[in-house]
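The values are calculated or read from the model by the stated rules, or taken from the named source; none is laboratory data. If you're wondering where the values come from, they're calculated on a predicted model, not measured in any experiment. Neighbour counts are summed over all protein chains in view; Cβ atoms, including those assigned to glycine, are modelled from backbone coordinates with ideal geometry.
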Amino acid sequence: MKLIPTFRNIIPWLYGICSTASLLCDPPDFPVLTLPENLESTEIIRDTQNTETFAHTNNIPTLDAENEGLNPLVKWLWSDAELELQNRTYYFYRRFSNRNPQEALATGGAIPYRSGFLNKTLRFGVTPFVSQKLYGPRNRDGNQLLRRGQRSFITLGEAYLELNQENFQTRWFRQELDFSFVNGWDTRMVPKKFESAYFNWQLDSHLRISLAQTFQIKDRDEIEFHSLAEELGVSERQHGLTSLRVTGTPGSLFRYEWTTHQFWDSWIILHGE
């Protein structure tokens, strides 16, 4: 399990750095191994391959031996997994000329968890988000740091299954998208999230195609997902929003991107840069 470093575990790092520095300055005397002159290269390779067996006979555990003894499920869910602690504190104030200002102070963040890759291809991830009220008068609502009514909240913003291959990636269910006009818009405590099926193809080193079919959206101050079509005012469309992006980098100084969003038989948005 990989964790973001905290003040508590900085001390072992410093001890390790000092120990390494002392070894470099005053290295111990190691015995010199001499090989017979008539030893062939094939024998050296054979000895190298037998290193693990030699270590076992001398009761010296190796990293490969320890990993081989782990249950694959434990490796997938724990030893190869990643857990992060992302903290955020946000103060927001906006003044209007004809109504009450918007103001709040909140703290919280996210705890992303990503499993290891099962058979080097499949993993899943979940991310809860928290926004805890520290200050927020009820008559200064609408800042989107907190729920309506200046209330704290916690929500499961991400819960996805991801498949990775050499030049192809797909991710399903609650996740973050980074298309133009359809993205997290991360300017508050919690970004927008989407229930979507996402596909990405890396055709070569200069061309990438991304496709997403999005059905639900969760806004920055909400805890539940709702229809993206209703959010955009086309509630009669039940098949979701189709997003397609083509990105190319034909040279080190040139890059192009073409994006389209479409509700079929309704409306279409084109964007290029």
Whichever residue in segment 156-166 is modelled with pLDDT of 95 or more and not hydrophobic (A, V, I, L, M, F, W, C) and, among such residues, is surrounded by the fewest Cβ atoms within 10 Å (Cβ to Cβ):
164
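Would you point out which residue out of 114, 88 is touching a strand residue (DSSP E or B) at 6+ places or on another chain (Cβ under 7 Å), farther than 18 Å from residue 190 by Cα, modelled with pLDDT of 95 or more and of a type outside the set (Phe, Trp, Tyr)? Spell out how you get there, then give the answer.
On the way: 88 fails: farther than 18 Å from residue 190 by Cα.
Step by step, each of 114, 88 is checked, and only 114 is touching a strand residue (DSSP E or B) at 6+ places or on another chain (Cβ under 7 Å), farther than 18 Å from residue 190 by Cα, modelled with pLDDT of 95 or more and of a type outside the set (Phe, Trp, Tyr).
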Selected residue (criterion: surrounded by the fewest Cβ atoms within 10 Å (Cβ to Cβ)) from residues of segment 183-206 that are at pLDDT 95 or above, more than 30 Å from residue 135 (Cα to Cα) and not polar (S, T, N, Q)
201
List the number of the failed condition for residue 225; all other conditions in (1) over 25 Å from residue 160 (Cβ atoms); (2) at pLDDT 95 or above; (3) among the aromatic types (Phe, Trp, Tyr) hold.
(1)
Is segment 151-172 home to any residue that is under 18 Å from residue 246 (Cα atoms) and small (Gly, Ala, Ser)?
no
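Mind listing whichever residues of segment 228-273 are of a type in the set (Ser, Thr, Tyr) and modelled with pLDDT under 85?
Answer for segment 228-273, where residues must be of a type in the set (Ser, Thr, Tyr) and modelled with pLDDT under 85: 235, 252, 266.
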Of the criteria (1) on the phi > 0 side of the Ramachandran plot; (2) without any contact (Cβ under 8 Å) to a residue 40 or more places away in the chain, which one residue 244 fails
(1)
Which condition number does residue 195 fail, the rest of (1) farther than 25 Å from residue 269 by Cβ; (2) part of a strand (DSSP E or B) being met?
(1)
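Residues are listed down the side, and each one gets a yes or a no for (1) farther than 15 Å from residue 188 by Cβ; (2) polar (S, T, N, Q):
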| site | (1), (2) |
| --- | --- |
| 134 | no, no |
| 142 | no, no |
| 152 | no, yes |
| 157 | no, no |
| 162 | yes, no |
| 165 | yes, yes |
| 168 | yes, no |
| 171 | yes, no |
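Can you name every one of the strands (runs of 3 or more DSSP E) wholly within segment 65-155 that holds 3 or more residues which are of a type in the set (Ser, Thr, Tyr) and either surrounded by 11 or more Cβ atoms within 10 Å (Cβ to Cβ) or touching a residue at least 40 places away in the same chain (Cβ under 8 Å) (or both)?
Where strands (runs of 3 or more DSSP E) fall fully within segment 65-155 and carry at least 3 residues being of a type in the set (Ser, Thr, Tyr) and either surrounded by 11 or more Cβ atoms within 10 Å (Cβ to Cβ) or touching a residue at least 40 places away in the same chain (Cβ under 8 Å) (or both), they are 86-94, 122-135.
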Just the residues that are assigned to a strand (DSSP E or B), more than 23 Å from the chain's Cα centre (by Cα) and closer than 20 Å to residue 171 by Cβ, please, taken from segment 208-241.
241
